[in-house]
Each structure stands twice: as structure tokens, then as C-alpha cells.
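Colleague: Submitted below is the structure of interest, expressed as C-alpha cells.
The values are calculated or read from the model by the stated rules, or taken from the named source; none is laboratory data. This one's a predicted model, so the numbers in the text were calculated from it and none came from an experiment. Here Cβ is always computed from backbone atoms with ideal geometry, including for glycine, and neighbour counts include all displayed protein chains. Heavy atoms of the whole protein, side chains included, go into the accessibility calculation; ligands, DNA and RNA do not. Shrake-Rupley method; radii C 1.70, N 1.55, O 1.52, S 1.80 Å.
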2 protein chains.
Amino acid sequence: MVRKSKGLGDRHKKILAFLKAYQEREGYPPTIREIGEETDISSTSVVNYYLDQLEKMGKIERQRKISRGVRLANVSPLGEMLKIPVAGRIVAGEPIPVPSSDFSYFDAETSVDIARSFLPSDKNDELFALEVEGESMIDAMVNDGDIVIMKSTGAEQTKNGDMVAVWLPERDETTLKYFFKEKEGYRLQPANPTMEPIIVGKEESLEIKGKVVMVIRQVQKTVI
Amino acid sequence: MVRKSKGLGDRHKKILAFLKAYQEREGYPPTIREIGEETDISSTSVVNYYLDQLEKMGKIERQRKISRGVRLANVSPLGEMLKIPVAGRIVAGEPIPVPSSDFSYFDAETSVDIARSFLPSDKNDELFALEVEGESMIDAMVNDGDIVIMKSTGAEQTKNGDMVAVWLPERDETTLKYFFKEKEGYRLQPANPTMEPIIVGKEESLEIKGKVVMVIRQVQKTVI
DNA sequence: ATAATACTCGAACATGCGTTCTGCGTCAAG
DNA sequence: CTTGACGCAGAACGCATGTTCGAGTATTAT
């Protein structure tokens, strides 16, 4: 018996480690007895004792009375993964598909998993993904097959310098550009500095469908 | 009663969806009774009945006799997230950092989380990540700040058409290019078709540090 | 020395929860 | 019509699993 009542004891650490390992291995949390077995604690009450402490320390969360109702606290309750619905494809000559009004439900097949650690912690609903079709957005450093994660937003919330997806009805054109509001309308600046910006006059309509927050490219055996 | 014994029925789908949602929300699987409640099945035996079917179909895996012993079959039991060590930065004028010999251990702070669903299911060790510094790799559609996920590999396993990170000692140059072995040496082709390839002669040394499998760009308020 | 606190154990208890059995209605094939 | 497979309900059963209690042993403070 060395330590007393300060910080994490040896058993605390062992329990935490086991909780994590078990969850990852089995897909669900262990029972109190399983924890005891693994950490050489022969009594379920002792395990319960430590579990209580860990809960007080904020290390874990417990659902009382229900079996296997333990989970690590730091992993967000919704899982570390965020499922983002893929609304469709983004093509140069077609309007941008926007997710259906029912934003919360979507099929598992048409979604991508993104680690929460990548995304700003605030509103993570409003996100949707598009698959890029064609090479028309190379100037935005986005290629055919890339997946762009977008945050649903209108023209009002868009700030200068944001990269946005815009639909120009009068030109039948969809494009990804840096957005700048100017006196005489809007300037849509390609990411590639050597290319000329698109100037959209005040009278021309322009629909901002979303702000690009992330681009993902899977490089498979891309034979040129 | 419409359907008979073919494919996924309405209840199968509902159960599957609930399993997934519950697991993501609570961090552990539901009980049979909870499933029944959610899917409007009033008897636990019926839920069990469907669970058995789903198991036969290979949609779920069950651990008999233990509570909450159900999990989706497709989600990898080792966790859906893969932690990939960030070995360092990749700069045009410097050699590529390679992960230390101890490939398996690394700090949490210097790693990125990638959903397994993005990566080829086979060998997922050997992966490491680099942060791109500078704009020298724009021709590879990779910009300053991007994160490239690489698979550690040598020249032997590299196939034509792979995008690789190479270090050219004689030129003090690091670059990302599509790789082609040719009679007279190697051709390193930029992703941008308008740019000229680099030809590396047989006598010149060339070190392939890895194959690019994924590129991730987080678009924050990038003010041009 | 005595008391208080932290830690441990084992066992009993109460319920959570998977399993199994009986029975009922529907529908298609013989 | 009978038979059997299928979908369903409800209840009983029994093991799995969280909770609680009484008690014992250190370690530290008074």
C-alpha cells in the first residue's frame, strides 16, 4: 500500500485501460465482474468502489442499474465518429444537391465517417458531403472523386475568404471558390492564384449552398 | 403481411438502424427488450427471432448468454477509428521524416484519427501521416497545411501509377508524384497534366518513402 | 493507544436480461 | 380441407450482473 487518495492509483489506471481495450475489442463495455477478474480484484464491491471514484473524478460515466452501463467519459457520447450524409455529387454543370429537409436521418450506405477531432466542435449537424465529379474544380485543388465536406449556410453567414460552393443559375455553373463580397457584387476567387477570378455583378443571381470545411481525397491506384 | 422470407424486411431494417443509432448514442448495445420497444415488437421472443435471422444473414454478431451481446457485423471490432502517427512535416527542400523504428507506439497528440471505412481493410499498420509545409506540391493538388496519409513502402513494392513521396538526394528535393518506372530510369509525373514530368536517370539515386493513400485538407477561414 | 480513514473481501440480494415454451392467426402448397 | 412454414405475443424460467451490507486490515492522524 503506497499511495493514498491522490490522483489516479494503479488500479484506477488499470481499470481505465481495460475499459478501453475491452470496448474496442468486443464492441461493448465489460461487466463489473469482468473488470474485477482482469484487474485482480476479487470482489465486485471493490470494483464498484473504484468505479464510483472514477465517476466522481469525471473519468467515466455510469448508467446505474443497467448491465455494462459504463463508458469512458472523454469519448463523446455520440461516438468519436461523426456520420455525415452524402447528399450527392457536385458537377460543374449542375446545381448542387442539398440534403433533404429531414437532416437527421439518412442511410448508412450514403454517409462518410469523420473523426470529431477534425471538425470544429460546435454545430456538427448542418454538415453534409458531396462527391466531386469531373475535373472542373481543379483550380480549387479539388479533383474528380474527392469528397468535400460542407457546412450548410446561406449568403448572409458567409464571410469574406470562406471557400464556398456556389451555383450561378444564369450561367448554369457550379463552382468552388473563395468568396469575397465587393461593392459591385461578388468576386469568386480560385484557389489557384494564377487563375482569374469570376466577377458576379449585383444584378446576377448567386446561390451559396455551403461552406467547404474539409476535402478528402482517397488516392487509389490512380493510373494516369 | 406482405413480405415473405426474402431479403431484409421492414423490421430487419428498423432493428439494424436502431442497433447502430443506440450504439452511437449510448456507447453500448441495447437489450432485446429495448430493441423491441423501439421497433414496436411487443415480445422479446420475436426480437430474438429476428436477431437470429440477422445473424444468419451475417448482418450482426451475437455473443450468446451475455447481456447486450449484439453488434453490427460490418463495423470492425477493433474500433472504427484508426490512429495514425504524424511523423512530421513534408517540405520540398528536406528529406521526408519516417516514423521511428517502433512503429506501434506513438503519442496521442501527434496522431490523426481516420475512419477505417476510408482505408483498405488489409495492413493498417505501416501507415503514417505527414503535414505538408509550403506550397511546393500544388502540382500534386496538395497544399500547405494538408495532411497526407502514407503507406510505408520501398521502391520494390511500388507499382506504376502509384502516387509516392520521393526524396531525390542529388537535388535535395522532396516531391509527391505519380511514379512510373521506365527503361532509362524513372518518370515522376505531376498530377497536373499541364506540368512537365521529372525524369530521373538510372544513375541518379531516388528514395521512395511511401505511397500516398489519402489526402486531407481542413479548410479553415483561409484568407487569401 | 485510540480513532478515523482508506481499502479490501465475501456473500447475500434484487433485478436486468437472454432463453425457451406454448399458443394463435395467416397464408401457400398438397 | 389439412398441413406446415412463417410471423407474432405473452409468460415463465434462470443465469448474468449491478447493489448493498457486515466485517476485517492497513495506514495515518489525534
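Colleague: Scanning for something at pLDDT 85 or above and assigned to a loop (DSSP other than H, G, I, E, B), does region B:99-118 turn up at least one residue?
Modeller: Checking region B:99-118: not a single residue is at pLDDT 85 or above and assigned to a loop (DSSP other than H, G, I, E, B).
Colleague: Can you find a residue that is within 13 Å of DNA strand D (Cβ to nearest atom), touching a helix residue (DSSP H, G or I) at 6+ places or on another chain (Cβ under 7 Å), of a type outside the set (V, I, T) and touching a residue at least 24 places away in the same chain (Cβ under 8 Å) anywhere in region A:17-25?
Modeller: Taking every residue of region A:17-25 in turn, none turns out to be within 13 Å of DNA strand D (Cβ to nearest atom), touching a helix residue (DSSP H, G or I) at 6+ places or on another chain (Cβ under 7 Å), of a type outside the set (V, I, T) and touching a residue at least 24 places away in the same chain (Cβ under 8 Å).
Colleague: Can you tell me which residue within region B:42-59, out of those that are modelled with pLDDT under 90 and surrounded by 12 or more Cβ atoms within 10 Å (Cβ to Cβ), is farthest from the other protein chains (Cβ to nearest Cβ)?
Modeller: B:M57
Colleague: Then there is this: Filter region B:156-171 down to the residues that are part of a loop (DSSP other than H, G, I, E, B) and open to solvent by less than 10 Å² (accessible area, probe 1.4 Å), then identify the one that is farthest from B:G210 (Cα to Cα).
Modeller: Going through the qualifying residues, I end up with B:G161.
Colleague: Of the conditions (1) at pLDDT 85 or above; (2) away from DNA strand C (no atom under 12 Å from the Cβ); (3) open to solvent by 20 Å² or more (accessible area, probe 1.4 Å); (4) out of contact with any helix residue (DSSP H, G or I) (no Cβ under 7 Å at 6 or more places or on another chain), B:V75 satisfies every one except a single condition; which number is it?
Modeller: With (1) at pLDDT 85 or above; (2) away from DNA strand C (no atom under 12 Å from the Cβ); (3) open to solvent by 20 Å² or more (accessible area, probe 1.4 Å); (4) out of contact with any helix residue (DSSP H, G or I) (no Cβ under 7 Å at 6 or more places or on another chain) applied to B:V75, the lone miss is (1).
Colleague: Does any residue of region A:133-142 turn out to be within 14 Å of chain B (Cβ to nearest Cβ), small (G, A, S) and part of a strand (DSSP E or B)?
Modeller: No, region A:133-142 contains no residue that is within 14 Å of chain B (Cβ to nearest Cβ), small (G, A, S) and part of a strand (DSSP E or B).
Colleague: Would you point out the residue of region A:8-32, among those that are more than 13 Å from B:Y28 (Cβ to Cβ) and of a type in the set (V, I, T), that is farthest from the other protein chains (Cβ to nearest Cβ)?
Modeller: Within region A:8-32, the match that is farthest from the other protein chains (Cβ to nearest Cβ) is A:I15.
Colleague: Given A:T153, A:T174, which one is more than 22 Å from B:V213 (Cα to Cα), hydroxyl-bearing (S, T, Y) and modelled with pLDDT of 85 or more?
Modeller: The conditions single out A:T174.
Colleague: Out of the residues in region B:204-224 that are surrounded by fewer than 20 Cβ atoms within 10 Å (Cβ to Cβ) and over 22 Å from B:E126 (Cβ atoms), which is farthest from the other protein chains (Cβ to nearest Cβ)?
Modeller: Top of the filtered list is B:S205.
Colleague: For the structure I just gave you, tell me whether A:L176 is touching a helix residue (DSSP H, G or I) at 6+ places or on another chain (Cβ under 8 Å) and assigned to a strand (DSSP E or B).
Modeller: Taking the combined requirement at face value, the residue satisfies it.
Colleague: Further question: Within region B:172-189, restricting attention to residues that are free of Cβ contacts under 8 Å to residues at least 24 places away in the same chain and within 13 Å of chain A (Cβ to nearest Cβ), which residue is surrounded by the fewest Cβ atoms within 10 Å (Cβ to Cβ)?
Modeller: B:R187
Colleague: Then there is this: Mind checking which residues of region B:119-137 are buried (at least 17 other Cβ atoms within 10 Å of the Cβ) and modelled with pLDDT under 80?
Modeller: Residues satisfying the conditions are B:L119, B:S136.
Colleague: Would you check if B:G201 is open to solvent by less than 20 Å² (accessible area, probe 1.4 Å) and either of a type in the set (K, R) or closer than 14 Å to B:I90 by Cβ (or both)?
Modeller: no
Colleague: Output the residue which, of all residues in region B:78-93 that are at pLDDT below 80 and more than 20 Å from A:S111 (Cα to Cα), is nearest to the other protein chains (Cβ to nearest Cβ).
Modeller: B:L78
Colleague: Considering only residues that are of a type in the set (G, A, S) and not in a loop (DSSP other than H, G, I, E, B), which ones fall in region A:179-218?
Modeller: Those that are of a type in the set (G, A, S) and not in a loop (DSSP other than H, G, I, E, B): A:G185, A:G201, A:G210.
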